[in-house]
1. Return a yes/no flag: does the stretch 334-341 have any residue that is buried (at least 17 other Cβ atoms within 10 Å of the Cβ), of a type in the set (Gly, Ala, Ser) and free of Cβ contacts under 8 Å to residues at least 40 places away in the same chain.
2. Of all residues in the stretch 136-177, count the ones that are in contact with a Lys or Arg (Cβ under 7 Å, 6 or more places away or on another chain), farther than 20 Å from residue 403 by Cα and β-branched (Val, Ile, Thr).
3. Just one of (1) of a type in the set (Ser, Thr, Tyr); (2) touching a residue at least 40 places away in the same chain (Cβ under 8 Å); (3) in contact with a helix residue (DSSP H, G or I) (Cβ under 8 Å, 6 or more places away or on another chain) trips up residue 309, so point out which.
4. Within the stretch 396-419, which residues are hydrophobic (A, V, I, L, M, F, W, C) and either assigned to a loop (DSSP other than H, G, I, E, B) or in contact (Cβ under 8 Å) with a residue 12 or more places away in the chain (or both)?
5. Please report, ordered by residue number, the strands (runs of 3 or more DSSP E) entirely within the stretch 167-258 with at least 1 residues that are without any contact (Cβ under 8 Å) to a residue 12 or more places away in the chain.
6. Step by step: first the residues of the stretch 179-221, then only those that are of a type in the set (A, V, I, L, M) and under 15 Å from residue 138 (Cβ atoms), then the one that is surrounded by the fewest Cβ atoms within 10 Å (Cβ to Cβ). Which residue is that?
Amino acid sequence: MLNLLKFFPIGIILACALDLLVGEAVIKDIFAKDTVTSSIILASDNESSITPQKLVTEALQIIEKSYMDGSFNGLDWQQVKAETLSRQYATSEEAYEAIDSVLNRLGDSATRFLTAKQFADFLAENSGKDYVGVGLPELLSLDYDDDEQLRIITPMPNSPAAEEGLQSGDLLTAIDGVATNNISLTEVATKLRGTEGSTVNLTVDRDGSTFDVQLKREIIAATPTIRTESIDLENMQVGYIHLGQFSQSSPQEMKEAINNFKEAKALILDLRNNPGGSISATLEIAGFFLGESEIGTAVSKADFTPLNSTEIQLTEQPLVVLVNQGTASAAELLAGTLQDSQRAIIVGDPTAGKGLIHGIETLADDSALVVTLGKLLTPNKRDIHNSGIEPDILVNAASSPWLDSDIEPTSLKDIQYLEAVEQLKRTTTKKL
(Lines give C-alpha, C1' and ligand atoms only; values in the text may rest on other atoms or scores of the structure.)
Protein backbone atom coordinates (compact mmCIF):
# COMPACT_ATOMS: atom_id res chain seq x y z
CA MET A 1 0.00 0.00 0.00
CA LEU A 2 1.34 3.40 -0.99
CA ASN A 3 2.23 5.63 1.95
CA LEU A 4 1.86 9.20 0.72
CA LEU A 5 2.81 10.50 4.15
CA LYS A 6 6.35 9.59 3.11
CA PHE A 7 6.12 12.25 0.41
CA PHE A 8 3.60 14.69 1.91
CA PRO A 9 4.52 15.37 5.55
CA ILE A 10 1.02 15.94 6.83
CA GLY A 11 -1.53 14.02 8.83
CA ILE A 12 -4.44 13.08 6.58
CA ILE A 13 -4.25 13.15 2.81
CA LEU A 14 -7.18 13.91 0.55
CA ALA A 15 -7.62 14.56 -3.12
CA CYS A 16 -10.19 17.17 -3.89
CA ALA A 17 -13.07 16.64 -4.09
CA LEU A 18 -12.54 14.66 -1.13
CA ASP A 19 -10.01 11.98 -1.63
CA LEU A 20 -10.30 10.89 1.93
CA LEU A 21 -7.18 9.32 3.05
CA VAL A 22 -4.70 7.24 1.40
CA GLY A 23 -4.70 4.09 3.44
CA GLU A 24 -3.40 5.27 6.79
CA ALA A 25 -4.50 3.42 9.91
CA VAL A 26 -5.12 6.65 11.81
CA ILE A 27 -8.28 7.48 9.95
CA LYS A 28 -9.43 3.90 9.76
CA ASP A 29 -9.39 3.75 13.56
CA ILE A 30 -11.40 6.96 13.82
CA PHE A 31 -13.96 5.84 11.26
CA ALA A 32 -14.27 2.42 12.89
CA LYS A 33 -15.76 4.05 15.99
CA ASP A 34 -19.51 4.26 16.51
CA THR A 35 -19.27 8.03 16.08
CA VAL A 36 -16.72 10.34 14.54
CA THR A 37 -17.30 13.34 16.72
CA SER A 38 -13.80 13.13 18.16
CA SER A 39 -10.91 14.51 16.14
CA ILE A 40 -7.59 12.93 15.35
CA ILE A 41 -4.60 13.91 17.47
CA LEU A 42 -1.47 13.20 15.49
CA ALA A 43 1.19 14.85 17.60
CA SER A 44 -0.13 17.01 20.40
CA ASP A 45 1.18 17.67 23.87
CA ASN A 46 -0.99 17.53 26.95
CA GLU A 47 -3.51 20.32 27.32
CA SER A 48 -1.58 22.20 29.98
CA SER A 49 1.11 23.08 27.44
CA ILE A 50 -1.29 24.40 24.78
CA THR A 51 -0.99 28.15 24.29
CA PRO A 52 -2.42 30.48 21.63
CA GLN A 53 1.14 31.32 20.61
CA LYS A 54 1.91 27.65 20.07
CA LEU A 55 -1.16 27.21 17.86
CA VAL A 56 -0.04 30.02 15.56
CA THR A 57 3.52 28.67 15.43
CA GLU A 58 2.27 25.16 14.59
CA ALA A 59 0.03 26.44 11.82
CA LEU A 60 2.78 28.48 10.15
CA GLN A 61 5.17 25.53 10.31
CA ILE A 62 2.64 23.30 8.56
CA ILE A 63 2.00 25.86 5.82
CA GLU A 64 5.69 26.49 5.24
CA LYS A 65 6.52 22.80 5.02
CA SER A 66 3.57 21.46 3.08
CA TYR A 67 1.76 24.11 1.03
CA MET A 68 2.00 23.37 -2.69
CA ASP A 69 2.76 26.92 -3.89
CA GLY A 70 6.36 27.63 -2.98
CA SER A 71 5.86 31.31 -3.83
CA PHE A 72 3.03 31.53 -1.26
CA ASN A 73 0.91 33.50 -3.72
CA GLY A 74 3.75 35.99 -4.23
CA LEU A 75 4.03 36.83 -0.53
CA ASP A 76 7.28 37.52 1.27
CA TRP A 77 6.70 34.47 3.41
CA GLN A 78 9.52 35.10 5.84
CA GLN A 79 8.21 38.59 6.51
CA VAL A 80 4.63 37.36 6.94
CA LYS A 81 5.82 34.69 9.33
CA ALA A 82 7.98 37.08 11.34
CA GLU A 83 5.20 39.66 11.65
CA THR A 84 2.64 37.07 12.67
CA LEU A 85 4.86 35.42 15.26
CA SER A 86 5.95 38.75 16.74
CA ARG A 87 2.42 39.45 17.98
CA GLN A 88 1.09 38.22 21.29
CA TYR A 89 -2.13 36.20 21.37
CA ALA A 90 -4.09 36.06 24.60
CA THR A 91 -6.80 33.60 23.56
CA SER A 92 -7.37 30.75 21.14
CA GLU A 93 -9.83 32.96 19.26
CA GLU A 94 -7.09 35.52 18.64
CA ALA A 95 -4.80 32.74 17.43
CA TYR A 96 -7.50 31.44 15.10
CA GLU A 97 -8.02 34.92 13.64
CA ALA A 98 -4.27 35.24 13.01
CA ILE A 99 -4.15 31.85 11.28
CA ASP A 100 -7.18 32.72 9.16
CA SER A 101 -5.59 36.02 8.18
CA VAL A 102 -2.46 34.30 6.88
CA LEU A 103 -4.45 31.62 5.03
CA ASN A 104 -6.66 34.24 3.37
CA ARG A 105 -3.57 35.91 1.92
CA LEU A 106 -2.64 32.68 0.12
CA GLY A 107 -5.67 33.13 -2.16
CA ASP A 108 -6.55 29.44 -1.96
CA SER A 109 -10.07 28.81 -0.67
CA ALA A 110 -9.42 25.13 -0.03
CA THR A 111 -6.49 25.86 2.31
CA ARG A 112 -8.27 26.80 5.49
CA PHE A 113 -8.59 26.47 9.25
CA LEU A 114 -11.13 24.28 11.09
CA THR A 115 -12.00 24.57 14.75
CA ALA A 116 -12.20 21.29 16.66
CA LYS A 117 -16.00 21.30 16.25
CA GLN A 118 -15.79 22.05 12.52
CA PHE A 119 -13.22 19.30 12.07
CA ALA A 120 -15.43 16.79 13.89
CA ASP A 121 -18.37 17.79 11.66
CA PHE A 122 -16.16 17.44 8.58
CA LEU A 123 -15.19 13.90 9.59
CA ALA A 124 -18.79 12.97 10.34
CA GLU A 125 -19.93 14.03 6.86
CA ASN A 126 -17.18 12.09 5.12
CA SER A 127 -16.95 8.93 7.21
CA GLY A 128 -19.23 6.78 5.08
CA LYS A 129 -21.76 6.69 7.92
CA ASP A 130 -25.17 8.31 8.33
CA TYR A 131 -25.18 12.06 9.03
CA VAL A 132 -27.63 14.97 9.09
CA GLY A 133 -27.38 17.43 6.20
CA VAL A 134 -28.65 18.41 2.77
CA GLY A 135 -26.25 16.27 0.73
CA LEU A 136 -23.64 18.94 -0.08
CA PRO A 137 -20.60 18.19 2.11
CA GLU A 138 -17.60 20.49 1.65
CA LEU A 139 -14.89 19.45 -0.86
CA LEU A 140 -16.77 16.25 -1.68
CA SER A 141 -19.78 18.05 -3.19
CA LEU A 142 -18.81 21.73 -3.05
CA ASP A 143 -15.67 23.66 -3.90
CA TYR A 144 -14.68 27.12 -5.09
CA ASP A 145 -13.41 27.27 -8.67
CA ASP A 146 -10.56 29.47 -9.88
CA ASP A 147 -13.02 32.35 -10.31
CA GLU A 148 -13.95 32.02 -6.62
CA GLN A 149 -17.44 30.83 -7.51
CA LEU A 150 -18.89 28.15 -5.25
CA ARG A 151 -19.62 25.26 -7.60
CA ILE A 152 -21.54 22.07 -6.96
CA ILE A 153 -19.39 19.10 -7.97
CA THR A 154 -22.15 16.59 -7.38
CA PRO A 155 -24.94 16.36 -4.83
CA MET A 156 -25.04 13.11 -2.88
CA PRO A 157 -27.57 10.72 -4.48
CA ASN A 158 -30.95 10.44 -2.72
CA SER A 159 -30.19 13.55 -0.67
CA PRO A 160 -32.40 16.66 -0.30
CA ALA A 161 -30.10 18.51 -2.74
CA ALA A 162 -30.48 15.78 -5.38
CA GLU A 163 -34.22 15.42 -4.84
CA GLU A 164 -34.71 19.17 -5.37
CA GLY A 165 -32.94 18.94 -8.72
CA LEU A 166 -29.55 20.51 -7.96
CA GLN A 167 -26.98 19.46 -10.56
CA SER A 168 -23.25 19.21 -11.14
CA GLY A 169 -21.97 22.59 -12.30
CA ASP A 170 -24.64 24.66 -10.55
CA LEU A 171 -23.25 27.75 -8.79
CA LEU A 172 -24.34 28.26 -5.20
CA THR A 173 -24.43 32.06 -4.93
CA ALA A 174 -26.10 32.59 -1.54
CA ILE A 175 -27.06 30.68 1.60
CA ASP A 176 -29.94 32.13 3.61
CA GLY A 177 -29.36 35.42 1.81
CA VAL A 178 -25.61 35.56 2.53
CA ALA A 179 -23.50 35.78 -0.64
CA THR A 180 -20.96 32.97 -0.95
CA ASN A 181 -18.32 34.96 -2.84
CA ASN A 182 -17.07 36.59 0.37
CA ILE A 183 -17.10 33.67 2.81
CA SER A 184 -14.84 30.68 3.26
CA LEU A 185 -15.62 27.07 2.43
CA THR A 186 -15.64 26.40 6.17
CA GLU A 187 -18.32 29.07 6.67
CA VAL A 188 -20.32 27.59 3.80
CA ALA A 189 -20.23 24.16 5.42
CA THR A 190 -21.25 25.60 8.79
CA LYS A 191 -24.25 27.37 7.23
CA LEU A 192 -25.39 24.19 5.49
CA ARG A 193 -25.23 22.11 8.68
CA GLY A 194 -28.01 22.05 11.24
CA THR A 195 -30.50 19.91 13.09
CA GLU A 196 -32.68 17.30 11.43
CA GLY A 197 -35.89 18.85 10.10
CA SER A 198 -34.57 22.42 9.93
CA THR A 199 -34.36 24.21 6.58
CA VAL A 200 -31.84 26.25 4.62
CA ASN A 201 -32.52 28.51 1.63
CA LEU A 202 -30.11 28.44 -1.32
CA THR A 203 -29.76 30.76 -4.29
CA VAL A 204 -28.51 28.89 -7.35
CA ASP A 205 -27.18 30.07 -10.71
CA ARG A 206 -27.57 27.59 -13.55
CA ASP A 207 -26.22 28.76 -16.90
CA GLY A 208 -27.01 32.39 -16.05
CA SER A 209 -30.51 31.77 -14.71
CA THR A 210 -31.00 32.27 -10.97
CA PHE A 211 -33.51 30.47 -8.77
CA ASP A 212 -34.07 29.80 -5.07
CA VAL A 213 -34.55 26.43 -3.43
CA GLN A 214 -35.34 25.48 0.16
CA LEU A 215 -33.79 22.27 1.48
CA LYS A 216 -34.80 20.41 4.62
CA ARG A 217 -31.93 18.85 6.54
CA GLU A 218 -32.37 15.09 6.77
CA ILE A 219 -30.42 12.02 7.74
CA ILE A 220 -28.21 11.18 4.75
CA ALA A 221 -28.02 7.40 4.82
CA ALA A 222 -24.81 5.59 3.97
CA THR A 223 -25.17 3.58 0.78
CA PRO A 224 -23.03 0.81 -0.79
CA THR A 225 -20.36 2.26 -3.05
CA ILE A 226 -21.01 -0.28 -5.82
CA ARG A 227 -24.20 -1.25 -7.64
CA THR A 228 -24.20 -4.00 -10.28
CA GLU A 229 -26.58 -5.26 -12.93
CA SER A 230 -26.34 -8.09 -15.43
CA ILE A 231 -27.56 -6.96 -18.85
CA ASP A 232 -28.57 -9.27 -21.70
CA LEU A 233 -27.58 -7.54 -24.90
CA GLU A 234 -28.53 -9.41 -28.08
CA ASN A 235 -27.60 -12.76 -26.54
CA MET A 236 -24.47 -11.25 -25.02
CA GLN A 237 -24.12 -10.75 -21.27
CA VAL A 238 -22.69 -7.39 -20.18
CA GLY A 239 -21.69 -6.63 -16.61
CA TYR A 240 -22.69 -3.14 -15.46
CA ILE A 241 -20.85 -1.72 -12.41
CA HIS A 242 -21.64 1.69 -10.93
CA LEU A 243 -18.95 2.95 -8.55
CA GLY A 244 -20.37 5.86 -6.55
CA GLN A 245 -17.31 6.72 -4.48
CA PHE A 246 -13.90 5.31 -3.57
CA SER A 247 -14.12 4.11 0.03
CA GLN A 248 -12.04 1.66 2.02
CA SER A 249 -14.52 -1.10 1.17
CA SER A 250 -14.64 -0.34 -2.57
CA PRO A 251 -11.75 -2.59 -3.70
CA GLN A 252 -13.28 -5.70 -2.13
CA GLU A 253 -16.71 -4.80 -3.51
CA MET A 254 -15.20 -4.24 -6.96
CA LYS A 255 -13.29 -7.52 -6.82
CA GLU A 256 -16.51 -9.37 -6.02
CA ALA A 257 -18.36 -7.57 -8.82
CA ILE A 258 -15.71 -8.43 -11.41
CA ASN A 259 -15.60 -12.06 -10.28
CA ASN A 260 -19.40 -12.26 -10.53
CA PHE A 261 -19.14 -11.13 -14.15
CA LYS A 262 -16.50 -13.64 -15.24
CA GLU A 263 -18.87 -15.04 -17.86
CA ALA A 264 -19.80 -11.61 -19.23
CA LYS A 265 -18.49 -10.68 -22.67
CA ALA A 266 -17.84 -7.06 -21.67
CA LEU A 267 -18.10 -4.58 -18.80
CA ILE A 268 -19.48 -1.07 -18.32
CA LEU A 269 -17.92 0.91 -15.46
CA ASP A 270 -20.12 3.86 -14.50
CA LEU A 271 -18.17 6.67 -12.78
CA ARG A 272 -20.82 9.33 -13.27
CA ASN A 273 -21.31 11.55 -10.22
CA ASN A 274 -18.41 9.87 -8.44
CA PRO A 275 -16.76 12.73 -6.50
CA GLY A 276 -13.60 10.83 -5.55
CA GLY A 277 -12.49 9.01 -2.44
CA SER A 278 -9.49 7.07 -1.24
CA ILE A 279 -6.47 7.19 -3.55
CA SER A 280 -5.27 3.83 -2.27
CA ALA A 281 -8.65 2.33 -3.19
CA THR A 282 -8.32 3.95 -6.63
CA LEU A 283 -4.91 2.36 -7.19
CA GLU A 284 -6.20 -1.06 -6.19
CA ILE A 285 -9.24 -0.84 -8.45
CA ALA A 286 -7.15 0.42 -11.38
CA GLY A 287 -4.93 -2.61 -10.91
CA PHE A 288 -7.90 -4.95 -11.30
CA PHE A 289 -8.24 -3.66 -14.88
CA LEU A 290 -4.56 -3.00 -15.67
CA GLY A 291 -2.44 -5.21 -13.43
CA GLU A 292 0.86 -3.88 -12.11
CA SER A 293 1.30 -0.50 -13.75
CA GLU A 294 1.73 3.23 -13.28
CA ILE A 295 -1.62 4.82 -12.46
CA GLY A 296 -0.49 8.43 -12.32
CA THR A 297 1.72 10.95 -10.55
CA ALA A 298 1.25 13.08 -7.45
CA VAL A 299 3.05 16.42 -7.83
CA SER A 300 3.95 18.37 -4.70
CA LYS A 301 6.05 21.48 -4.14
CA ALA A 302 9.27 19.51 -4.39
CA ASP A 303 8.49 15.99 -5.58
CA PHE A 304 6.99 13.94 -8.38
CA THR A 305 5.65 10.78 -6.73
CA PRO A 306 4.67 7.85 -9.00
CA LEU A 307 1.32 6.30 -8.12
CA ASN A 308 1.60 2.61 -8.93
CA SER A 309 -0.68 -0.38 -8.62
CA THR A 310 0.70 -3.74 -7.52
CA GLU A 311 -2.58 -5.61 -7.98
CA ILE A 312 -3.07 -8.70 -10.14
CA GLN A 313 -5.20 -7.99 -13.21
CA LEU A 314 -8.64 -9.58 -12.73
CA THR A 315 -10.22 -8.92 -16.12
CA GLU A 316 -9.29 -8.37 -19.75
CA GLN A 317 -12.91 -8.01 -20.88
CA PRO A 318 -13.73 -5.10 -23.21
CA LEU A 319 -14.51 -2.07 -21.08
CA VAL A 320 -16.46 1.18 -21.51
CA VAL A 321 -16.31 3.84 -18.79
CA LEU A 322 -19.11 6.38 -18.31
CA VAL A 323 -18.20 9.86 -17.03
CA ASN A 324 -19.89 13.24 -16.63
CA GLN A 325 -19.40 16.65 -15.03
CA GLY A 326 -19.87 15.06 -11.61
CA THR A 327 -16.93 12.69 -12.14
CA ALA A 328 -14.16 14.22 -10.03
CA SER A 329 -10.76 13.74 -8.46
CA ALA A 330 -9.83 10.08 -7.94
CA ALA A 331 -12.58 9.07 -10.38
CA GLU A 332 -10.97 11.31 -13.00
CA LEU A 333 -7.61 9.71 -12.29
CA LEU A 334 -9.05 6.24 -12.88
CA ALA A 335 -10.82 7.30 -16.08
CA GLY A 336 -7.70 9.09 -17.35
CA THR A 337 -5.50 6.10 -16.56
CA LEU A 338 -7.77 3.68 -18.41
CA GLN A 339 -7.87 6.12 -21.33
CA ASP A 340 -4.09 6.66 -21.45
CA SER A 341 -3.49 2.91 -21.45
CA GLN A 342 -6.17 2.40 -24.15
CA ARG A 343 -7.73 -0.13 -21.80
CA ALA A 344 -11.20 1.44 -22.03
CA ILE A 345 -13.37 3.67 -24.18
CA ILE A 346 -14.51 6.73 -22.25
CA VAL A 347 -18.08 7.88 -22.99
CA GLY A 348 -20.07 10.85 -21.68
CA ASP A 349 -19.46 14.49 -20.74
CA PRO A 350 -16.11 16.12 -19.87
CA THR A 351 -15.28 15.56 -16.20
CA ALA A 352 -15.09 18.08 -13.35
CA GLY A 353 -11.38 18.92 -13.46
CA LYS A 354 -10.77 18.59 -9.71
CA GLY A 355 -7.26 17.24 -9.51
CA LEU A 356 -5.79 18.75 -6.35
CA ILE A 357 -4.47 16.80 -3.38
CA HIS A 358 -5.24 18.14 0.09
CA GLY A 359 -4.08 17.21 3.55
CA ILE A 360 -5.40 17.78 7.05
CA GLU A 361 -3.24 18.09 10.14
CA THR A 362 -4.48 18.70 13.63
CA LEU A 363 -3.06 21.38 15.90
CA ALA A 364 -2.42 20.94 19.60
CA ASP A 365 -6.00 21.77 20.63
CA ASP A 366 -7.62 19.40 18.07
CA SER A 367 -8.38 22.18 15.62
CA ALA A 368 -7.03 21.49 12.13
CA LEU A 369 -5.59 22.91 8.93
CA VAL A 370 -6.66 21.81 5.46
CA VAL A 371 -3.72 22.47 3.13
CA THR A 372 -3.35 22.11 -0.64
CA LEU A 373 -0.41 19.72 -1.08
CA GLY A 374 -0.22 19.03 -4.80
CA LYS A 375 -2.05 17.82 -7.88
CA LEU A 376 -2.73 14.65 -9.84
CA LEU A 377 -1.39 13.75 -13.30
CA THR A 378 -2.41 10.82 -15.48
CA PRO A 379 0.26 8.34 -16.69
CA ASN A 380 0.69 10.48 -19.84
CA LYS A 381 1.29 13.47 -17.54
CA ARG A 382 -2.03 15.14 -18.28
CA ASP A 383 -2.92 17.66 -15.58
CA ILE A 384 -6.41 16.78 -14.33
CA HIS A 385 -7.01 20.00 -12.42
CA ASN A 386 -9.19 22.45 -14.36
CA SER A 387 -8.73 20.46 -17.60
CA GLY A 388 -10.56 17.30 -16.56
CA ILE A 389 -10.80 14.25 -18.80
CA GLU A 390 -12.27 14.59 -22.29
CA PRO A 391 -14.26 11.47 -23.25
CA ASP A 392 -13.38 9.52 -26.37
CA ILE A 393 -17.05 9.62 -27.33
CA LEU A 394 -18.76 12.87 -26.35
CA VAL A 395 -22.40 12.40 -25.34
CA ASN A 396 -23.92 15.44 -23.66
CA ALA A 397 -26.69 14.59 -21.23
CA ALA A 398 -28.98 17.27 -19.81
CA SER A 399 -29.14 15.50 -16.45
CA SER A 400 -27.66 12.49 -14.69
CA PRO A 401 -29.61 9.30 -13.96
CA TRP A 402 -28.00 9.33 -10.51
CA LEU A 403 -29.60 12.70 -9.72
CA ASP A 404 -32.75 12.72 -11.86
CA SER A 405 -35.50 10.38 -10.63
CA ASP A 406 -37.10 10.48 -14.09
CA ILE A 407 -34.09 8.75 -15.66
CA GLU A 408 -33.35 5.20 -14.57
CA PRO A 409 -29.68 4.17 -15.04
CA THR A 410 -29.28 1.69 -17.92
CA SER A 411 -32.76 2.59 -19.24
CA LEU A 412 -33.70 3.81 -22.71
CA LYS A 413 -33.67 7.38 -21.33
CA ASP A 414 -30.02 7.03 -20.29
CA ILE A 415 -28.42 8.18 -23.55
CA GLN A 416 -24.83 7.86 -22.32
CA TYR A 417 -25.43 4.26 -21.31
CA LEU A 418 -27.00 3.57 -24.71
CA GLU A 419 -23.85 4.88 -26.42
CA ALA A 420 -21.73 2.65 -24.17
CA VAL A 421 -23.78 -0.30 -25.36
CA GLU A 422 -23.22 0.69 -29.00
CA GLN A 423 -19.48 0.91 -28.42
CA LEU A 424 -19.43 -2.54 -26.83
CA LYS A 425 -21.37 -4.00 -29.75
CA ARG A 426 -18.71 -2.72 -32.13
CA THR A 427 -15.82 -3.82 -29.91
CA THR A 428 -17.07 -7.33 -29.23
CA THR A 429 -18.09 -7.84 -32.88
CA LYS A 430 -14.54 -7.02 -33.98
CA LYS A 431 -13.09 -9.46 -31.43
CA LEU A 432 -15.48 -12.19 -32.51
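The values are calculated or read from the model by the stated rules, or taken from the named source; none is laboratory data. No experiment lies behind these values; they were computed from the predicted model shown. Ideal geometry is used to build each Cβ from the backbone, glycine not excepted, and the neighbour counts take in all protein chains shown.
1. First, the residues of the stretch 334-341 that are buried (at least 17 other Cβ atoms within 10 Å of the Cβ): 334-341.
With the extra rule that they be of a type in the set (Gly, Ala, Ser), the set shrinks to 335-336, 341.
Add one more test, that the residue is free of Cβ contacts under 8 Å to residues at least 40 places away in the same chain, and what stays is none.
No, the stretch 334-341 contains no residue that is buried (at least 17 other Cβ atoms within 10 Å of the Cβ), of a type in the set (Gly, Ala, Ser) and free of Cβ contacts under 8 Å to residues at least 40 places away in the same chain.
2. 1
3. (2)
4. Residues of the stretch 396-419 that are hydrophobic (A, V, I, L, M, F, W, C), as a first pass: 397-398, 402-403, 407, 412, 415, 418.
Correct list: 397, 398, 402, 403, 407, 412, 415.
5. Values: elements: 171-175, 199-206, 209-216, 218-220, 226-233, 236-243.
By residue number, 209-216, 226-233.
6. Keep residues of the stretch 179-221 that are of a type in the set (A, V, I, L, M), which gives 179, 183, 185, 188-189, 192, 200, 202, 204, 213, 215, 219-221.
Subsequent filtering for residues that are under 15 Å from residue 138 (Cβ atoms) retains 183, 185, 188-189, 192, 200, 202, 220.
On the way: 183: 15, 185: 20, 188: 21, 189: 21, 192: 24, 200: 19, 202: 24, 220: 22.
Taking the candidates together, the pick is 183.
Listed here are the residues, each with its yes/no results for (1) under 27 Å from residue 370 (Cβ atoms); (2) modelled with pLDDT of 95 or more; (3) of a type outside the set (Gly, Ala, Ser); (4) in the same structural domain as residue 281 (by the TED database).
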{"residue": "146", "(1), (2), (3), (4)": "yes, no, yes, no"}
{"residue": "149", "(1), (2), (3), (4)": "yes, no, yes, no"}
{"residue": "171", "(1), (2), (3), (4)": "yes, yes, yes, no"}
{"residue": "176", "(1), (2), (3), (4)": "yes, yes, yes, no"}
{"residue": "187", "(1), (2), (3), (4)": "yes, no, yes, no"}
{"residue": "211", "(1), (2), (3), (4)": "no, yes, yes, no"}
{"residue": "215", "(1), (2), (3), (4)": "yes, yes, yes, no"}
